Amino acid sequence: MKLIAIFLVGLMSVLSGCASVQPGSAAYSEESEYELFQPETFESYGSFVVSAGTDAKPVDMRLWYSRPDQITPDTRVIMVMHGGRRDADKYRDYWGAYAKQYGVLIVAPEITDEDFPTGWGYQTGNWVTPDSDSTDETKGERVPVEQTSFAAFERAFDELKNHFNLDAETYDIWGHGSGAQFVTRMIMLYPQARIGTGIAANSGTYTFPDWTLPLRYGLKNTGVEPEDLKASYKHHLVIMLGTDDDDTSHRLLSQLEIARAQGAHRLEKGKNFYRVNREQAEKLNTEYNWELQTVYGIGHSGRKMSEAGAEYLLEGKAEEPLFTDDMQLNESYRSDGDSREENELLKGSDDGEESPF
């Protein structure tokens, strides 16, 4: 009798489990292996994790995506970079509707704080150790290139291609705020990145072609030489600026003197960054494929700037530039590379003030 009772209990459990799953409604697990589910059966929105690290620095990176109705080997890839909160899923959602509308694959890689802590790991690419934020040449050291978040990102792109059986040789990339910092520094420090068009929207700080200033603000001790920037300037980089992102006291804007010297607000900083690099390209006698685009009536909004970024990348739409090639550079920042009076200011504060990236 006891065996019969056990059998009946087990049978009821199995039947109960079967009753809870309706035909044709099997849930897709984000952790499922690609071999178990072909791409055409995926949800339009989803995510999966790829191995993007090395033996010395293992990295598991989640890729949040929105896919078109059909994916072919020729499907175009748009990478969308999250902000400093590492909220990749939110930025995927900002861009998600464009996947079906334009037949592109939208992907928002999540570069976690666990794998790449603080702004040093993300916004500056884990390129140097955090104590490199100093004018003291004895401090800080280079991180092996393969351990940077730039290199991890590129490996994630390879895994993405394998996952969806893509032939794409390049990807377009867009970032806002902290994500924009990632985009500009990736192009300047890691120009081998397979970027087609990059858009950096409303960045709060820039890395200028200035070898007297430490990373975040300049290229001192980064291993990048002036000639190396030729490869960076060949990239198509769009500095996209909201005309209303002109708040000098925005809560996410660094108030360190070294940051303020780049410009009073994000709009001015972007203008100066574009112009200084154009002057540097002229000195190097090399092509300069960067451009400046303005978006009218938008402040520091990732959601609203997403719309402008998508219109540019997917429709080729751009507003009439607010700034022209004859614009005057802010006199507080010059690109002559000589010893400048401002350099004493640009060394920053000694009071231990923290700077938001």
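The values are calculated or read from the model by the stated rules, or taken from the named source; none is laboratory data. The structure presented is a predicted model; accordingly, all values stated were derived computationally and were not measured. Positions of Cβ are backbone-derived with ideal geometry, glycine not excepted, and every protein chain shown enters the neighbour counts. Surface areas here come from the heavy atoms of the whole protein model, side chains and all, with no ligands, DNA or RNA. Shrake-Rupley method; radii C 1.70, N 1.55, O 1.52, S 1.80 Å.
Brief remarks follow.
- Cβ-Cβ under 6 Å pairs, at least 6 apart or on other chains, region 73-88 side under 15 Å from residue 153 (Cα atoms), far side open to solvent by less than 10 Å² (accessible area, probe 1.4 Å) and in a helix (DSSP H, G or I): 80/95; 81/179; 81/182; 82/88; 82/179
- Criterion (surrounded by fewer than 20 Cβ atoms within 10 Å (Cβ to Cβ) and closer than 13 Å to residue 127 by Cα) met by exactly one of 230, 220: 220
- Helices (runs of 4 or more DSSP H) enclosed by region 145-235 - at least 3 residues per element that are more than 28 Å from residue 89 (Cβ to Cβ): 229-234
- Strands (runs of 3 or more DSSP E) contained in region 59-125 and holding at least 1 residues modelled with pLDDT of 95 or more and within 12 Å of residue 44 (Cα to Cα): 60-66, 105-110
- The residue that is surrounded by the fewest Cβ atoms within 10 Å (Cβ to Cβ), counting only those in region 273-316 that are in contact with a strand residue (DSSP E or B) (Cβ under 6 Å, 6 or more places away or on another chain) and of a type in the set (Gly, Ala, Ser), is 299.
- Unmet requirement for residue 200, which otherwise passes all of (1) over 18 Å from residue 59 (Cβ atoms); (2) in contact with a Leu (Cβ under 6 Å, 6 or more places away or on another chain): (2)
- Some residue of region 101-109 being more than 20 Å from the chain's Cα centre (by Cα), of a type outside the set (Phe, Trp, Tyr), more than 27 Å from residue 146 (Cβ to Cβ) and open to solvent by 10 Å² or more (accessible area, probe 1.4 Å): yes
- Count of residues meeting criterion [among the small types (Gly, Ala, Ser), open to solvent by 40 Å² or more (accessible area, probe 1.4 Å) and not in a loop (DSSP other than H, G, I, E, B)] in region 238-259: 0
- Taking region 280-307 as the range and being part of a helix (DSSP H, G or I) and of a type in the set (S, T, N, Q) as the test, the residues that pass are 280, 306.
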